[in-house]
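Asks: Sending over a structure as structure tokens; questions will come in a sec.
Taken together, the values in this text are just the output of simple stated rules run on the coordinates, not laboratory data. Every value quoted in this text rests on a predicted model; they were computed, and no experiment measured them. All Cβ positions, glycine included, derive from the backbone under ideal geometry; neighbour counts span all protein chains shown.
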Amino acid sequence: MSKKLIILALSAVLAACAAAPPEPAPPEERSPEDVKLTLNLPEESDSCVCQAAPENDRTFLERGMETLADGDYIESVQYFQRYQRLEQAPMAQWEGDLAIAYVSMLPSSPFYDVDAALQAYTDLQSREPDGHKHHSIVLMQQALESFVLMERHIWDLESRAGMLQEDLDKREQALKRLRELTLGQPED
């Protein structure tokens, strides 16, 4: 009898599992007028005419920075020149010129020319446009400024060294003549 009870209980469980679940109630139909969406935006005034300032596309400038960081100086200068050709804004022209001047101050660059870098930076300082500069350009500008300052210090030190050498030569000549006068013999 216990077998019959077990079979009966299992068949009841199977019958309960096989029965389909009750269908959910159909959703209520709503019209688009019933749905209201409220946005919490500020009121626009008629006096406010906002236009976004046209922003330079700095893709070629950034690619130039990446290739410069990789040590490919020629390709980086080509990217800077492309940037200048595509972007006609004064800031873009100035940024491209500054980046090229920066490349010309690097000793490992094939464009290395101290005098050209100094002259280009001096010219760029006089015509720096107003506006937001790319962060890499700001760093390049600071590096060029340090470079110019170091070159001035080097020039001052070299001119001082030249003057000291002239003074030393004069003193050696004076000592030589003094020996000749004192000892009466020319020095070998």
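Asks: Calculate one ³J(HN,Hα) per residue across segment 100-111 by plugging θ = phi - 60° into the Karplus curve 6.51 cos²θ - 1.76 cosθ + 1.60, and present them in order as whole Hz with x for glycine and proline.
Replies: In residue order, the calculated couplings are 5, 4, 4, 4, 6, 9, 7, x, 8, 7, x, 9 Hz.
Asks: When you count, for each residue, the other Cβ atoms within 10 Å and take the mean per peptide, how do 59-68, 171-180 rank with the highest first?
Replies: 59-68, 171-180
Asks: Find how much the distance from residue 116 to residue 41 grows on full extension, using 0.36 nm per residue of separation minus their present alpha carbon separation; answer in nm with one decimal.
Replies: Full extension from residue 116 to residue 41 adds 21.5 nm.
Asks: Sort 126-136, 103-113 by packing, meaning the average of other beta carbons within 10 Å per residue, with the highest value first.
Replies: Taking the mean over residues of other Cβ atoms within 10 Å, the ranking is 103-113, 126-136.
Asks: Gain in length, residue 88 to residue 145, computed as 0.36 nm per residue apart minus the alpha-carbon separation, to one decimal in nm?
Replies: Here the segment from residue 88 to residue 145 would lengthen by 18.0 nm.
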